[in-house]
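Here, each number is a calculation from the coordinates, and none is a lab measurement. Remember, predicted model here, so these are calculated numbers, not experimental data. Heads up, the Cβs are rebuilt from the backbone with ideal geometry, glycines too, and the neighbour counts pull from every protein chain shown.
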Amino acid sequence: MVLTPVFVACFYIPVDYRLYIAAVVFLIAYATDILDGQIARKRNLVTDFGKLMDPIADKILSGAAMIMLTGAGMLSPIATLITVAREFIISGVRAVVAGKNIVIAAGPIGKLKTTMQCVGIALILLGNPVFRMWNIPFDQIVIWISVALAVWSCVDYIVKNNRALKENK
């Protein structure tokens with residue numbers, strides 16, 4: 001979460017290569033998030049707080065990136081709307097079950113969605129390197145794959161946690 005304001009500032013600094021700087025900060029933020037998770041699992045330091053805060057940090061960073069890219073005309077508002085709506089739905093489900101003292105970690109589809117989202121955002125920020133030469137919108141393809149995974153993971157999350165949502169505790 002600490003790097004999100006730095007990322008936002010880099011996105012808007014008035015220099016020609018600002019998007020490259022923003023991409024580097026964005027990728028560092030995601031890399032530290034992955035590293036933090038690996039260290040926590042390796043040293044058996046996984047906590048309920050971490051299970052709740054890790055996805056929130058991801059949502060803040062990727063949500064900020066998608067909203068800024070949409071505002072800059074670099075990303076479809078539909079992709080951003082679907083993704084942000086999914087994040088609110090998942091957060092709502094987590095809040096409901098947390099009130100029942102149940103903490104649900106991110107699932108594999110959601111993790112794949114996050115990875116694809118990270119790659120797609122980085123590719124957009126970097127100007128779709130390599131693929132631009134062949135006029136292939138690979139950055140947008142990856143983002144739309146992440147959107148499809150967002151919908152799939154949201155449905156999967158609700159179905160898998162339906163019982164916890166219905167319980168009266």
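Note the full-extension length gain between V6 and R132 as 0.36 nm times their separation in residues minus their Cα-Cα distance, in nm to one decimal. It would help to have the intermediate numbers written out before the result.
On the way: separation 126, 0.36 × 126 = 45.36 nm, distance 2.74 nm.
Answer, rounded to one decimal: 42.6 nm.
Once the Cβ-Cβ distance of L165 and K111 is raised to the sixth power relative to R0 = 25 Å, the FRET efficiency obtained is 0.70.
Between helix 108-125 and the chain there is an angle of about 20 degrees, using the helix long axis and the longest principal axis of the Cα atoms.
How far, in degrees from 0 to 90, does helix 48-71 lean away from the longest principal axis of the Cα atoms of the chain, to the nearest 10? Taking the Cα atoms of the chain, the angle to 48-71 is about 30 degrees.
With 29 Å as the cut-off, how large is the P(r) tail for the chain, expressed as percent of Cα-Cα pairs?
Details: 3153 of 14196 pairs.
Cα-Cα pairs in the chain separated by more than 29 Å: 22 percent.
Please rank R43, R18, fewest neighbouring Cβ atoms within 10 Å first, as an exposure proxy. The fewest-first ordering by Cβ neighbours comes to R43, R18. Of A65, A22, A148, the residue with the greatest mean-square motion in the GNM of the chain, using alpha carbon springs below 10 Å, is A148.
How long is the gain from N44 to A85 if the chain were fully straight, where each residue apart is worth 0.36 nm and the alpha carbon distance is subtracted?
Working: separation 41, 0.36 × 41 = 14.76 nm, distance 3.26 nm.
Residue separation times 0.36 nm, minus the Cα-Cα distance, leaves 11.5 nm.
Can you tally the net charge around L125? Count Lys and Arg as +1, Asp and Glu as -1, for every other residue whose Cβ sits under 10 Å from the Cβ of L125. Once all neighbours under 10 Å are counted, the net charge is 0.
Going by how many other Cβ atoms sit within 10 Å of their own, how do I158, I143, I21 line up, fewest first?
Details: I158 13, I143 26, I21 17.
With the fewest neighbours first, I158, I143, I21 line up as I158, I21, I143.
Which residue fluctuates most in the GNM of the chain (Cα springs below 10 Å): G50, G99, G127? In this elastic network of the chain, the residue with the biggest mean-square fluctuation among G50, G99, G127 is G99. Based on DSSP H segments of at least four residues, each scored -39500 (n - 2.57), the chain has a per-residue ellipticity at 222 nm of -25500 deg cm²/dmol.
To test your reading of the geometry: what angle, between 0 and 90 degrees and rounded to tens, separates the Cα axis of helix 77-98 from the longest principal axis of the chain? Helix 77-98 sits roughly 20 degrees off the main axis of the chain.
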